[in-house]
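Student: I'd like to ask some things about the structure below.
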Amino acid sequence: MELKQAYSYCERIIADNSKSFYKAFSLLPKEKRKAVWAVYAFCRKVDDIVDEGSHPEPELKAFRKDFDEFLAGSIQWDDPMWLALEDVFESYDMDASAFYGLIKGQEMDLTINRYRTLDELLDYSYHVASTVGLMLLPILAPGRTALLKDGAISLGYAMQITNILRDIGEDLSMDRIYLPQDIMRKYGLAEEALGSGTVSESFVQVWEELASIAEFHYDRAFETINDYPLSSRVPVKGAALVYREILSTIRSKEYTVFHEKHYVTDDSKQSILQCL
Ligand SMILES: CC(C)=CCC/C(C)=C/CC/C(C)=C/COP(=O)(O)OP(=O)(O)O
């Protein structure tokens, strides 16, 4: 298979799975855009093993082994994603530990379905989302990764918390509660009450407390935006603003996250990206 086809395969994966990220990162120069598609395809595969795999534990173990072999240059790949990723690793100073971190995060998701404290939730968010920022940094800002690391970690926290606040109902149906128990206790929200799917005052208080933590981390990430090379600033800021907009969309829908999944409309995405 040709490299060009391998990248097109990765492009399909991001285009089919995340319209927001596809749109925002399409503003990057061609070479960087393609590299982001390959990293996204890697992340999607790990995520799908956990969400859709019939035997997620052994499948995740096998995937980690594939990645070991990929790094050693000995993988017998049957998935074009590896070909594109090989080109990315040859072109950029990629951080393999971030890729292993994401695999660890998905392993955590298989064993943990409740979070006692905010710190536990942030640790999980680091592994499943901040690592993605750390994978992308060498592509988005070569040579500036040390300077941008904390902002990228914050953006991962912010996006993951946003994702959690959007998917509360879907997660509950899989017996997963990511809202930290200490914050639920602070506002008197019992697990049974959450499970009843009622948008109560205490539910809104818990939701807003987590939203303000996400907003704090979006702001920290925005503070670093001028340290990115010019060509990456608009795409990174655009991705962050579009994702943050999910919070406003949910507020405008009166926090009805139990039976619906709220998306930012194409028009809003367009107007956010146009203003940048
Ligand atoms: C420096 C930098 C760019 C940092 C950002 C890192 C980043 C993109 C993290 C991903 C976070 C996240 C919750 C993704 C959901 O993806 P999904 O495909 O499930 O999304 P969706 O279903 O919400 O569209």
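Student: Only one of (1) part of a helix (DSSP H, G or I); (2) of a type outside the set (A, V, I, L, M); (3) in contact with a helix residue (DSSP H, G or I) (Cβ under 8 Å, 6 or more places away or on another chain) fails for GLU208. Which number is that?
Tutor: With (1) part of a helix (DSSP H, G or I); (2) of a type outside the set (A, V, I, L, M); (3) in contact with a helix residue (DSSP H, G or I) (Cβ under 8 Å, 6 or more places away or on another chain) applied to GLU208, the lone miss is (3).
Student: Can you tell me which residue in the stretch 17-47 is farthest from GLY101 (Cα to Cα), limited to those that are of a type in the set (D, E, K, R) and near the ligand (Cβ under 10 Å from one of its atoms)?
Tutor: The selected residue is LYS19.
Student: Got a sec? Which helices (runs of 4 or more DSSP H) wholly within the stretch 36-113 have at least 2 residues that are under 30 Å from LEU172 (Cα atoms) and not small (Gly, Ala, Ser)?
Tutor: Fully inside the stretch 36-113 and qualifying: 56-72, 96-111.
Student: Considering only the stretch 130-150, I want to know if a residue exists there that is under 21 Å from PHE21 (Cα atoms), away from the ligand (no atom under 11 Å from the Cβ), touching a residue at least 12 places away in the same chain (Cβ under 8 Å) and surrounded by 19 or more Cβ atoms within 10 Å (Cβ to Cβ).
Tutor: Checking the stretch 130-150: not a single residue is under 21 Å from PHE21 (Cα atoms), away from the ligand (no atom under 11 Å from the Cβ), touching a residue at least 12 places away in the same chain (Cβ under 8 Å) and surrounded by 19 or more Cβ atoms within 10 Å (Cβ to Cβ).
Student: Between SER54, SER97, which is surrounded by fewer than 16 Cβ atoms within 10 Å (Cβ to Cβ), small (Gly, Ala, Ser) and within 16 Å of the ligand (Cβ to nearest atom)?
Tutor: SER97
Student: Next question, about the same structure. Hey, any hits in the stretch 184-203 for a residue that's free of Cβ contacts under 8 Å to residues at least 24 places away in the same chain, closer than 26 Å to PHE25 by Cβ and of a type in the set (S, T, N, Q)?
Tutor: No: the stretch 184-203 contains no residue that is free of Cβ contacts under 8 Å to residues at least 24 places away in the same chain, closer than 26 Å to PHE25 by Cβ and of a type in the set (S, T, N, Q).
Student: Here's something else I'd like to know. From the list GLN160, GLN181, pick out the single residue that is at pLDDT 95 or above and either among the charged types (D, E, K, R) or more than 13 Å from the ligand (Cβ to nearest atom) (or both).
Tutor: After applying the criteria, what remains is GLN181.
Student: Would you confirm, using the coordinates I've provided, whether PRO80 is in contact with a Ser or Thr (Cβ under 6 Å, 6 or more places away or on another chain), away from the ligand (no atom under 11 Å from the Cβ) and either modelled with pLDDT of 95 or more or not hydroxyl-bearing (Ser, Thr, Tyr) (or both)?
Tutor: Judged against the criteria, PRO80 is not a match.
Student: Hey, another quick one. Mind checking which pairs have a first residue in the stretch 156-182 that is free of Cβ contacts under 8 Å to residues at least 40 places away in the same chain and within 16 Å of ILE112 (Cβ to Cβ) and a second that is of a type in the set (A, V, I, L, M, F, W, C) and away from the ligand (no atom under 11 Å from the Cβ), Cβ under 9 Å, 6 or more apart or different chains?
Tutor: Partner pairs satisfying both residue conditions: GLN160/LEU121; GLN160/LEU122; ASP171/ILE177.
Student: Quick check, is ILE14 within 16 Å of the ligand (Cβ to nearest atom), crowded, with 18+ Cβ neighbours inside 10 Å and of a type outside the set (Lys, Arg)?
Tutor: yes
Student: Sticking with this one: Please name all residue pairs, on different chains or six or more residues apart, with Cβ atoms under 7 Å, provided the first residue is in the stretch 91-107 and is touching a residue at least 24 places away in the same chain (Cβ under 8 Å) and the second residue is surrounded by fewer than 17 Cβ atoms within 10 Å (Cβ to Cβ) and of a type in the set (A, V, I, L, M).
Tutor: Sorted first by the residue in the stretch 91-107, then by its partner, the pairs are ALA96/LEU71.
The values are calculated or read from the model by the stated rules, or taken from the named source; none is laboratory data. Model, not experiment: these values are computed from the prediction. Every residue, glycine among them, receives a Cβ derived from its backbone with ideal geometry; neighbour counts consider all protein chains shown.
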